[in-house]
Structures are given as structure tokens and as C-alpha cells.
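J.: Okay, here's the structure, questions in a sec.
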Amino acid sequence: MLASLDSTESFFTPLVQGVKMRSERQQNGKFLLPSAEWSAEHEVEIKTWFADQNVN
């Protein structure tokens, strides 16, 4: 179900046999992670964003 959403905010990797990955998702994508320092400075903002996503 998640792999078939119209939204392109996230691309899920299907783990169920027979479910195909979306064609827009790069097979060898690169994770872009912020530095630990940046993450620490924005900790409250990040946690609030995730909490808000779970409520909506």
C-alpha cells in the first residue's frame, strides 16, 4: 500500500515478494544525513515535525 501512494514525499522499499518498487526511486540512492551538531541544534524542531506527522 505504501509503495502505491500518489505522494512522492517518500519512496518506500517494498519488502513483500511480488510488490514492485516505484520506477521514480533510484535503486542506488544516497542517504543525505545532517551532521550531529546540526541535528542537536534543531532537535526540538525535528521531534515536533515527527510528532505532528503521527497526529495528522
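The values are calculated or read from the model by the stated rules, or taken from the named source; none is laboratory data. Keep in mind it's a predicted model, so treat the numbers as computed, not measured. We work out accessible area using only protein heavy atoms, side chains counted, and drop any ligands, DNA or RNA first. Shrake-Rupley method; radii C 1.70, N 1.55, O 1.52, S 1.80 Å.
J.: Working out 0.36 nm times the residue gap between SER35 and ASP6, then minus their Cα-Cα distance, what length gain in nm do you get to one decimal? Display every interim value, and only then the final one.
T.: Details: separation 29, 0.36 × 29 = 10.44 nm, distance 3.08 nm.
Contour length minus the Cα-Cα distance gives 7.4 nm.
J.: Next up: In whole Hz and in residue order, list the ³J(HN,Hα) couplings for the range 31-41 that follow from phi through the Karplus curve 6.51 cos²θ - 1.76 cosθ + 1.60, θ = phi - 60°; x for Gly and Pro.
T.: Going residue by residue, I get 6, 9, 10, x, 5, 4, 5, 4, 4, 5, 5 Hz, with x marking Gly and Pro.
J.: Put TRP38, TRP49 in order of accessible area, largest first, 1.4 Å probe: what do you get?
T.: Details: TRP38 110, TRP49 135 Å².
Accessible-area ranking of TRP38, TRP49, largest first: TRP49, TRP38.
J.: Step through the residues of the range 20-29 one at a time and calculate ³J(HN,Hα) from phi using the Karplus curve (6.51 cos²θ - 1.76 cosθ + 1.60, θ = phi - 60°), rounding each to whole Hz and writing x for Gly and Pro.
T.: Each residue of the range 20-29 in turn: 8, 6, 5, 5, 6, 7, 6, 5, 10, x Hz.
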